[in-house]
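Below is one structure, written out as structure tokens, with a few remarks after it.
The values are calculated or read from the model by the stated rules, or taken from the named source; none is laboratory data. None of these values were measured; they are calculated from a predicted model. FYI the Cβ positions are ideal-geometry reconstructions off the backbone, even for glycines, and counts take in every protein chain you see. Remember, those area values only see protein heavy atoms, side chains included, never the ligands or the DNA or RNA. Shrake-Rupley method; radii C 1.70, N 1.55, O 1.52, S 1.80 Å.
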Amino acid sequence: IRSERPAPRSQPRRFSVATGVPAAVAGIIALVLAVALLDARSDVARDRDAVAAVLSGSGGIRLAGEGDAAGRMIETDEGGLFVAAGLRETPAGQTHQLWLLEGSCATGPGEGCEAVSAGTFDIADGVAIVETSDSPEGFEGAAVTVEPEGGSDEPSTDPVISSL
């Protein structure tokens, strides 16, 4: 005599708010992060295109430095736009500072050369885009130095790029 046992019944799966909500939230977070990443990549590509267009254009004040570091300061309706590529990021506690130069600046900032700060900025992926209320009109040149965080009243280091 053979007796067959009935197959064990599996319990039906129950949807629980306690398990469904965290899964839904995780899915939403993943979607938001994916969209943010695509948007950030798009912004970087757009910034690089803008920098390339300004650097290859004419007019304004052209700056150059060691290696492939380059920049250009152009006049805008609101003041000025400075773009640069190839600059190294600054160490903690320091920042880049843009200077507009007038006077006898052939040998760089110093005696006979007046340097007017046009603001401080940071580098993101080797690129800087700085809008300033200071127009380059009437200035003979421009330079970028590395200064203590918050900037300086006058250049305290040699320029990393300059128009000189």
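Identify, from the list L101, L87, the residue that is part of a loop (DSSP other than H, G, I, E, B), modelled with pLDDT of 85 or more and surrounded by 21 or more Cβ atoms within 10 Å (Cβ to Cβ).
Numbers: L101 fails: part of a loop (DSSP other than H, G, I, E, B).
Criteria check complete, one pass: L87.
Can you give me the number of residues within region 59-73 that are in contact (Cβ under 8 Å) with a residue 24 or more places away in the chain and either charged (D, E, K, R) or open to solvent by 40 Å² or more (accessible area, probe 1.4 Å) (or both)?
Applying the first criterion (in contact (Cβ under 8 Å) with a residue 24 or more places away in the chain) to region 59-73 yields 60-66, 69-71, 73.
Next cut, either charged (D, E, K, R) or open to solvent by 40 Å² or more (accessible area, probe 1.4 Å) (or both) only: 60, 62, 64, 66.
Looking only at that region, the number is 4.
Considering only region 79-100, state which residues are among the β-branched types (V, I, T) and closer than 17 Å to S156 by Cβ.
Initially, region 79-100 is screened for residues among the β-branched types (V, I, T), giving 83, 90, 95.
Passing the criteria: T90, T95.
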